[in-house]
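Notes to accompany the following structure.
We did not get these values from a lab; they are worked out from the coordinates using the rules stated. The model shown is predicted, which means the values in this text are computed figures rather than measured ones. We place every Cβ from the backbone using ideal geometry, glycine too, and count neighbours over all the protein chains shown.
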Amino acid sequence: MKRRFLTLLTLAILFIAIGCGKKSSNEAPPAQQPTAAAPPAASEPPQTPPPNALEAQQAAQAEKPPEPPKPIVVPAGTTLTVSLGTALSSKTSQPGQTFPATVSKAISVGGRTAIPSGSPAEGTVLDAKKQGAFKGEGVLALQLTSITVRGHNYPITTSTFSQTVKGKGKRTAKSVGGIAAGGALIGGLAGGGKGAAIGALAGAGAGTAVAGATGGENINLPAEAAISFKLQAPLTLQPQ
């Protein structure tokens, strides 16, 4: 009886063990957690078609800043005619003395007014000798040294206006380049004394002048006398 009980117990334990193994094998593996889906890639914005060549050119021109105005260049050889702001004389003027003047004729370059009429200028007396001080000759030589245009002052180099008088009123007028400064002198006697009427020396080119003389003894250029000089080098003016 005892043996039978042990046999039944052994069989019961065996059946229990077999049943547990089957149960574990039939169980499904635990479900895996679903992974988060990756966000969709951002779509690129649609490309706008490029403008045609004409539109591109117009856009470039609209964005391009306007060109700055170019400077004005007054060429060498240009004649500057000025009116003296003070009287000058071979007898009283001194070498190195400066004198004021005013441009009496506007200068145009390329259809634009480069130097307006009325622009201030300045010159220098290069030589001044009264008659009899140097081999009996009276000498007066002038040159422009600067000009002011629209508030800007520019140094300049010009030809020299030069006049000499010999003997009793015999006068020659010339410039450094040998250009004659022609003209006519009106003189006379008044009231039994020696006197002179201011005459006109009118001409063209460098070295011409409006001038008068007193008894032919010295060279006298009155205020507002018109004298012409030529630029020896180009003059570059700031743009307007």
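Points to keep in mind about this one:
- Peptide packing for 125-131, 158-164 was compared via the average number of neighbouring C-beta atoms within 10 Å per residue; ordered from the highest value, the list is 158-164, 125-131.
- Exposure proxy ranking for I219, I13, based on other Cβ atoms within 10 angstrom of each Cβ and starting from the fewest, stands as I13, I219.
- Potential extension, E55-Q240 segment - 0.36 nm per residue separation minus Cα distance: 63.3 nm
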